[in-house]
Each structure stands twice: as C-alpha cells, then as structure tokens.
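To start, the structure under review is shown below, and the notes come after it.
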Amino acid sequence: MPSDLSQPINPLRLAKARERIVGKIQLNSMARLKGILLSHKGELNYSLAFDFNEASVCIIESDIETQLILECQRCFEPVEVDIRKNSLLGIVDESDEIDSLAKEYEPVQLDEDGVITVEELVEEELLLSIPLSALHPENKCAATNDVNRINAEAKRQPFADLAALIKDKN
Ligand SMILES: [Zn+2]
C-alpha cells in the first residue's frame with residue numbers, strides 16, 4: 001500500500017495480484033474541492049479493490065465514505081452532508097473504448113505510463129458524489145423556519161383583522 005497518496009499506482013499490476021488498498025485521505029489535500037466545501041477539516045475513508053472482469057477489463061471496486069460541510073442552498077448556512085459512494089470503475093486505454101464499457105462501470109483513463117494516483121481516483125469519486133443542491137432537513141433549515149414564520153403570520157392576519165373589525169364595531 002503506497003503511503004504517499006500522490007505516488008502513482010499501476011491498476012493492471014494491482015488487478016493481477018487482486019489487491020485492495022484501504023486508507024484515509026485528508027479533505028484539505030484535495031485541491032479540486034476548494035471552493036466547494038465550507039470547511040476542509042476531516043478525512044475520507046476509501047477502499048479500492050482491483051480485479052479483472054469476465055471481459056478482461058481491469059476494474060476497481062471503489063468505496064468512499066466521508067462527511068462534508070457544504071452550503072445549504074436554501075439558507076446559505078453550513079450543512080453537514082454524509083457521503084457514501086460505492087462504484088465500479090473500468091479502466092479504458094482510449095476514449096473510444098468508453099462506449100464499449102458495460103454501463104455499470106464508470107470509465108477511468110490512466111496516464112500514458114498506465115498509472116494513476118490514489119488521490120486522483122478518490123477525488124474524482126468524491127466530486128461525483130457531491131449533491132448539486134445541499135439542503136438542511138426542512139425543520140432544521142433557517143430559511144424554511146423564516147418561510148414558516150411568515151406563512152404562519154400571514155395565516156394569522158385575517159383573524160387579527162377580524163378582531164380589529166369587531167373591536168371597531170363595539
Ligand atoms: Zn438551510
């Protein structure tokens with residue numbers, strides 16, 4: 001198991017040995033997450049299992065798990081989002097091979113040297129798993145609470161008017 005996550009790995013060689021790489025990666029080490037997360041504290045757990053499928057395609061069974069702090073798209077306050085993604089990746093040499101890859105696989109292209117880093121694999125998986133619109137549960141969202149309060153006040157209004165009307169008559 002490579003201790004340095006930016007060290008290139010050779011998936012085909014790992015698949016021949018049917019290796020599994022398990023580890024943790026710090027969220028703040030993933031450059032492409034900058035601007036997406038409100039906090040870069042925390043880490044991600046990953047498991048990458050290398051093998052060949054029946055069509056002799058090198059495959060990686062990837063499993064990632066972490067918790068991210070994103071911006072709620074309703075109230076713009078921080079929201080904790082649990083991420084868990086399990087996927088099958090298929091290694092393709094050329095872009096035209098992507099079409100022939102079975103649908104259950106996400107295509108992954110290696111460098112010219114046939115290598116990739118754990119960091120690149122894991123970061124890509126994480127980016128694919130981030131929800132486009134992160135939201136608090138409705139009862140915990142500041143914006144929904146505001147909306148509820150305004151709605152509740154609006155509902156109370158007719159009765160308030162009625163009460164004023166009755167008062168005026170007396
Ligand atoms: Zn919210």
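Any read-out appearing in this document is the output of simple, stated calculations on the displayed coordinates, not a laboratory observation. Predicted model, so just to flag it, every value in this text is computed and none were measured. So basically every Cβ, Gly included, is an ideal-geometry build from the backbone, and we count neighbours across all protein chains shown.
Cut-off is 10 Å between beta-carbons; in what order do Glu80, Glu94, Glu119 appear when sorted fewest neighbours first? Could the numbers behind the result be given before it?
Numbers: Glu80 12, Glu94 7, Glu119 17.
Least to most surrounded, the residues fall as Glu94, Glu80, Glu119.
Convert each backbone phi in the range 12-28 into a coupling constant with the Karplus relation 6.51 cos²θ - 1.76 cosθ + 1.60 (shift: θ = phi - 60°), then list the ³J(HN,Hα) values in order as whole Hz, x for Gly and Pro.
Along the range 12-28, the couplings run 5, 5, 5, 5, 4, 8, 6, 7, 10, 10, 10, x, 10, 9, 6, 4, 6 Hz.
For the range 53-59, take each phi angle, set θ = phi - 60°, evaluate the Karplus expression 6.51 cos²θ - 1.76 cosθ + 1.60, and give the result in whole Hz per residue in order, putting x for glycine and proline.
8, 5, 8, 6, 8, 6, 10
How high is the relative contact order of the range 8-136? Use alpha-carbon pairs under 8 Å, at least six apart in sequence, and give a whole percent. All intermediate terms of the calculation are to be shown ahead of the outcome.
Numbers: 241 pairs, mean separation 31.4, N = 129.
Value for the range 8-136: 24 percent.
Which of Lys41/Lys140; Lys103/Lys140; Lys16/Lys85 have a Cα-Cα distance over 30 Å? The partial results should precede the final answer.
Details: Lys41/Lys140 23 Å; Lys103/Lys140 38 Å; Lys16/Lys85 25 Å.
In this structure, Lys103/Lys140 exceed 30 Å between Cα atoms.
Using a 10 Å cut-off around each Cβ, can you sort Phe50, Phe76 from fewest to most neighbouring Cβ atoms?
Values: Phe50 23, Phe76 11.
The most exposed by this proxy come first: Phe76, Phe50.
If you fit an axis through the alpha-carbon atoms of helix 142-169 and take the longest principal axis of the Cα set of the chain, what angle between them do you get, 0 to 90°, nearest 10?
In the chain, helix 142-169 runs at an angle near 10 degrees to the longest axis.
In which sequence would Arg20, Arg74, Arg149 go, from the one with the fewest C-beta neighbours within 10 Å to the one with the most? List each step's numbers first, then the result.
Working: Arg20 15, Arg74 18, Arg149 10.
Ranking Arg20, Arg74, Arg149 by Cβ neighbours within 10 Å, fewest first, gives Arg149, Arg20, Arg74.
Please give every one of the lysines within straight-line cross-link reach of Lys167, meaning a C-alpha to C-alpha distance under 30 Å, and leave out same-chain neighbours fewer than 8 residues apart.
Lys155
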